Ligand SMILES: [Zn+2]
C-alpha cells in the first residue's frame with residue numbers, strides 16, 4: 001500500500017478508532033489539495049462488500065470516488081447528505097424498458113444501471129443497440145443476447161430488436177418462436193444469431209424459456225448455456241415452468257442449474273418470487289458455496305405481469321394444472337377489471353398480447369424474499385408503448401403498468417424498514433448482489449460498480465432511510481419513488497432535489513469487449529467423436545412430437 005492510496009477496506013478497518021480516523025484524514029488531505037468535482041458531505045456511507053457503515057464525506061473526481069473521509073473537503077459542486085444514506089447506485093439486471101421515460105423512472109427509484117438479462121436484445125442488432133445509446137442515455141445500459149428474438153428471426157422471419165418491440169412477433173399470430181422445434185441446422189442458425197450478440201459484447205444469453213416451453217427442448221436450453229459458457233458468461237432464464245406449482249418452479253430452475261453445473265457456466269435464476277422460492281434459494285446458496293457462479297433475482301411484489309396470451313395463462317395450465325381462477329388472479333393492467341375464462345377468450349381475439357397483472361403470491365412472502373442473503377432485487381420493468389410518449393410526459397398521464405417498474409428498489413427499502421430487515425442487507429440486494437456475480441464473470445464495468453469504495457466508478461444513490469418509499473401502485477403504476485433526492489451516474493448528478501435533469505446523459509455501456517466468435521456449431525461428427533449419442537434434432541416438448549425412431553432393426557431379438 002502506498003502512502004497516497006488507502007483502500008476502502010483499510011479505511012474501514014481503521015475507522016473503528018478515533019486516532020486512526022485522524023490518520024486517514026491526513027491521507028485524504030494529502031491527495032486532495034485540489035477541490036473535487038463533486039463532494040457529498042456528512043452522509044451515512046454504506047458499502048455492502050466491506051460492511052463499511054459510517055458518517056463521512058465523499059469526494060468525486062473524473063467520474064470516480066476519489067475519497068471517502070471524515071476530513072473536511074471542498075468541491076465545485078456540493079451535496080449536503082446529512083441524515084441520508086450514501087451508497088453505490090442500484091443495479092437492475094431485469095429491465096425491459098430501455099427508453100428515456102423508463103430510464104427516468106428507474107433513476108427516481110435509485111437505479112444507475114439497468115440491464116435486460118432476461119429478454120435481451122437481438123444478437124444481430126447488438127452492436128447497433130449499444131451504438132444508439134452512446135452519449136444519449138441517462139443510465140448505464142446493457143443487454144443479453146435474446147433467445148426469443150433469435151427464434152422469432154430464424155423461425156418466423158420477424159425482426160424484434162428489444163422488449164418494447166416484442167409485439168412484432170408476439171402480436172403477429174405466428175408461433176414459430178414459441179412452439180417450433182428446430183432441426184439441427186436451424187438450431188445452428190438460432191445459435192449463430194445469439195453468438196453474434198455475444199461477439200458484440202452482449203451480456204450472456206437471456207431466455208424467456210417459460211414462454212417457449214413447448215418449442216424449446218432440453219437440448220436447446222443446454223446448447224444456449226454451452227454457448228454462453230464458452231465466453232464465461234451467464235444465461236438468465238425465465239424458467240420453463242414459471243409460473244407453476246412449487247415443484248414445477250423448482251424443476252424449471254433445476255434444468256438451468258444442472259446445465260450450469262455440468263458446463264461450469266454462470267447462470268441467473270430470473271424472478272424466482274414464485275411458489276418454490278425457498279428451495280430455489282437453497283439450491284442457489286449451496287451451489288455458490290461449491291464455487292459456482294449462480295444467483296437469483298426477484299421483484300418485491302405479490303403479483304406478476306405479462307401478456308394475456310402467455311401459454312401459461314391458457315385454461316389447461318392456469319386453471320386445470322395450477323388450480324387458479326381467472327376471477328381472482330388475472331386483472332387487466334389498464335382497466336383494473338378481472339378476467340373470466342370467457343372475457344379472456346374475447347380479449348384474445350381483439351388484443352392477444354394485452355398486458356395483465358397476475359396475482360400468485362401472498363404479501364407475507366415478500367418479507368421472506370427481502371431477508372434472503374445473496375439474492376438481488378431486479379425490477380422486471382415492463383415497457384409502456386404508446387404513441388406520443390416522450391421524456392416530458394407527466395408521470396400522472398402515463399397509462400397504468402405493473403408498479404414494479406417504477407417502485408421496486410424504494411419498495412424493498414421501505415418494506416425492509418417496516419419489517420426490521422437490516423439496512424445493509426437491503427442495500428446489498430440493490431447493488432452489490434448483482435455487481436458481484438457479474439464481476440466474477442470478468443465484466444470490468446461491474447468490477448468497479450456496486451461498491452461504495454475509493455477508486456470505484458461514482459455511481460451513487462443518496463436516499464433518506466426514514467422516508468424512502470415507493471409511490472407506484474397496481475392502480476397507478478408509473479408514479480416515481482420518493483425519498484431519493486440525488487442520483488449520480490459516472491460522477492455526474494442526474495437526479496437533483498428529486499428531479500431528473502433533462503438532457504444530462506452520462507450513462508455508459510455495460511458490456512464485454514467485442515471479441516472473436518467461440519461458437520462450435522453442432523455437428524454429427526463432433527458428437528460421434530466425443531462418443532456422445534447424436535440427437536435426431538433439437539427435440540421439443542410439444543405433445544405428440546417426440547423424436548421419431550425407426551423400429552426396423554430388431555437389435556435385441
Ligand atoms: Zn419473465
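The values are calculated or read from the model by the stated rules, or taken from the named source; none is laboratory data. In this text, all values refer to a predicted model and were calculated from it rather than measured experimentally. Note: ideal-geometry Cβ built from the backbone for every residue, glycine included; neighbour counts use all protein chains shown.
With respect to (1) within 16 Å of the ligand (Cβ to nearest atom); (2) surrounded by fewer than 24 Cβ atoms within 10 Å (Cβ to Cβ), the lone exception for residue 128 is condition (1). Hey, could you check the stretch 195-216 for residues that are within 16 Å of the ligand (Cβ to nearest atom) and under 18 Å from residue 520 (Cα atoms) and say which is surrounded by the fewest Cβ atoms within 10 Å (Cβ to Cβ)? The selected residue is 205. Mind checking which residues of the stretch 162-179 are buried (at least 21 other Cβ atoms within 10 Å of the Cβ) and not in a helix (DSSP H, G or I)? 162, 166 - these are the residues of the stretch 162-179 that are buried (at least 21 other Cβ atoms within 10 Å of the Cβ) and not in a helix (DSSP H, G or I). Candidates 228, 144: the one that is assigned to a strand (DSSP E or B) and crowded, with 24+ Cβ neighbours inside 10 Å is 144. All of 68, 73, 78 fail the test of being surrounded by 24 or more Cβ atoms within 10 Å (Cβ to Cβ), in contact (Cβ under 8 Å) with a residue 24 or more places away in the chain and not assigned by TED's automatic domain parsing to the domain that holds residue 143, apart from 68.
One residue stands out in the stretch 46-65 among those that are out of contact with any helix residue (DSSP H, G or I) (no Cβ under 7 Å at 6 or more places or on another chain) and crowded, with 24+ Cβ neighbours inside 10 Å: the one that is nearest to residue 423 (Cα to Cα), namely 56.
Per-residue answers, yes or no, for (1) surrounded by 23 or more Cβ atoms within 10 Å (Cβ to Cβ); (2) more than 16 Å from the ligand (Cβ to nearest atom); (3) over 21 Å from the mean Cα position of the chain (by Cα):
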site: 251; (1), (2), (3): no, yes, yes
site: 259; (1), (2), (3): no, yes, no
site: 267; (1), (2), (3): yes, no, no
site: 286; (1), (2), (3): no, yes, yes
site: 289; (1), (2), (3): no, yes, yes
site: 307; (1), (2), (3): no, no, no
site: 310; (1), (2), (3): no, no, no
site: 317; (1), (2), (3): no, no, yes
site: 331; (1), (2), (3): no, yes, yes
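Scanning the stretch 270-285 for residues that are part of a loop (DSSP other than H, G, I, E, B) and closer than 12 Å to residue 365 by Cα returns 272, 273, 274, 275, 276.
Could you tell me whether residue 348 is outside any helix (DSSP H, G or I) and more than 16 Å from the ligand (Cβ to nearest atom)? Spelling it out, it is not the case that residue 348 is outside any helix (DSSP H, G or I) and more than 16 Å from the ligand (Cβ to nearest atom). Evaluate the following for residue 422: is it farther than 17 Å from residue 110 by Cα and either in the same structural domain as residue 356 (by TED's automatic domain parsing) or in contact with a helix residue (DSSP H, G or I) (Cβ under 6 Å, 6 or more places away or on another chain) (or both)? Judged against the criteria, residue 422 is not a match. Exactly one residue out of 151, 219, 192 is in contact with a helix residue (DSSP H, G or I) (Cβ under 9 Å, 6 or more places away or on another chain), assigned to a helix (DSSP H, G or I), within 16 Å of the ligand (Cβ to nearest atom) and in contact (Cβ under 8 Å) with a residue 60 or more places away in the chain, and it is 151. With respect to being assigned by TED's automatic domain parsing to the domain that holds residue 407, over 21 Å from residue 473 (Cα atoms) and either modelled with pLDDT under 90 or away from the ligand (no atom under 16 Å from the Cβ) (or both), residue 370 falls outside the description. Looking at the stretch 373-389, which of its residues are part of a loop (DSSP other than H, G, I, E, B), within 15 Å of the ligand (Cβ to nearest atom) and farther than 24 Å from residue 282 by Cα? Selection gives 382, 383. Taken residue by residue, the stretch 86-109 has no member that is away from the ligand (no atom under 16 Å from the Cβ) and on the phi > 0 side of the Ramachandran plot.
The condition (being crowded, with 19+ Cβ neighbours inside 10 Å and closer than 19 Å to residue 370 by Cβ) is satisfied by just one residue among 466, 406, 445: 406. Inside the stretch 499-546, residues that are at pLDDT 75 or above and either in contact with a strand residue (DSSP E or B) (Cβ under 8 Å, 6 or more places away or on another chain) or on the phi < 0 side of the Ramachandran plot (or both) make up a count of 30.
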